[in-house]
Amino acid sequence: MLQFLVRRLIVAILVTATVMTLAFILTRLSGDLAISIAGPNATQADVEAVRKAYGLDRPLTVQFFDWVGRAATGDLGESYFFKAKVSKLIGERMPITITLGLTGLVIALLVSLPLGILAAVRENTTLDRVVQVVALLGQAMPSFWLGLILMITFGLQLGWLPISGTGSWQHYVMPGIVLAFSAIPALTRLTRAGMIQAMGSDYIRTARAKGLSRASILLKHALRNAAIPVVAIAAVQLGFMLGGSIVIEQVFALHGVGFLAWESIGKNDFPVVQAVVLVLAVIYVALTMLADLMNAVLDPRLRGP
């Protein structure tokens, strides 16, 4: 188990280092940051003064390792636009993004588990095909389009739910549904496959021979084993949701980390952009490691020699 943990930790460090390098390079490729900070009406002298003040006149390698060193100690720099510590900005907005991600995950599980069970119980029937088509449509549906449809229908026409803001739990319902659609197809197919495999196992035949009810066999025996990989993959799906919340937060005006990244990209506020990419990458890597550990605990064969 220790070797398994060490291998996963090395992979996590390499992934994080790669993300940091790409984030740094891509922000520099967006143009001359000194000109963006100084403004379109700045003189050459103003641009040079800004370049020197922010350390942009130093070699790129020096700038990169300086950022890595400070990030390792928790110092993510200061925003050029908001004039505040980047760590403070992210800390203030992260609860909104996490709440949105957890809402989407809960909705996805509440929908995908019953659909997967129904498809498995009625394998190769019309119901099974309908569930698979629904999952396929959910995966192909653009999130911004679905968000606009929900806003028009339930927000403007029916008036059931607010269309923007974060004042109450109701504000997270529609964006949570939109975010859930990205995870429902994968979770549904995984539940279906796990249930089909479980229903053909010896312990299910034994349960049937004992005269247990159909509901007891499905929920207490088959689902308990089929849901093991689903729970593990749910951690990875949560990472996808947190990273993919930028569009959803923009559509519903949720001022989370995704909205912060959107604002910062428009303002060329590269310390914030770099930090958001890094923080979301670290969260995703941590959730992926958690999923790997859960799978390894549940299935010792995955730990390797």
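The values are calculated or read from the model by the stated rules, or taken from the named source; none is laboratory data. Since the model is a prediction, treat every value here as computed from it, not as a measurement. Positions of Cβ are generated from backbone atoms using ideal geometry, with glycine treated the same way; all protein chains shown enter the neighbour counts. We work out accessible area using only protein heavy atoms, side chains counted, and drop any ligands, DNA or RNA first. Shrake-Rupley method; radii C 1.70, N 1.55, O 1.52, S 1.80 Å.
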Out of the residues in the stretch 250-276 that are touching a Lys or Arg at 6+ places or on another chain (Cβ under 9 Å) and assigned to a helix (DSSP H, G or I), which is nearest to Thr18 (Cα to Cα)? Phe270
Residue check: is Ala207 under 24 Å from Tyr284 (Cα atoms), at pLDDT below 80, assigned to a helix (DSSP H, G or I) and not basic (Lys, Arg)? no
Looking at the stretch 195-205, can you tell me whether even one residue there is in contact with a Gly (Cβ under 7 Å, 6 or more places away or on another chain) and either over 30 Å from Thr288 (Cβ atoms) or crowded, with 16+ Cβ neighbours inside 10 Å (or both)? yes
Which one is nearest to Arg93 (Cα to Cα) among residues in the stretch 208-230 that are touching a helix residue (DSSP H, G or I) at 6+ places or on another chain (Cβ under 7 Å) and surrounded by fewer than 18 Cβ atoms within 10 Å (Cβ to Cβ)? Ile228
Which residue, of Phe82, Phe65, is over 23 Å from the mean Cα position of the chain (by Cα), of a type in the set (Phe, Trp, Tyr) and open to solvent by 70 Å² or more (accessible area, probe 1.4 Å)? Phe65
With (1) part of a helix (DSSP H, G or I); (2) open to solvent by 50 Å² or more (accessible area, probe 1.4 Å); (3) without any contact (Cβ under 8 Å) to a residue 60 or more places away in the chain as the list, and Val111 as the residue in question, which single condition is left unmet? (3)
Go through (1) part of a helix (DSSP H, G or I); (2) open to solvent by 60 Å² or more (accessible area, probe 1.4 Å) one by one and return the number of the condition Ala120 breaks. (2)
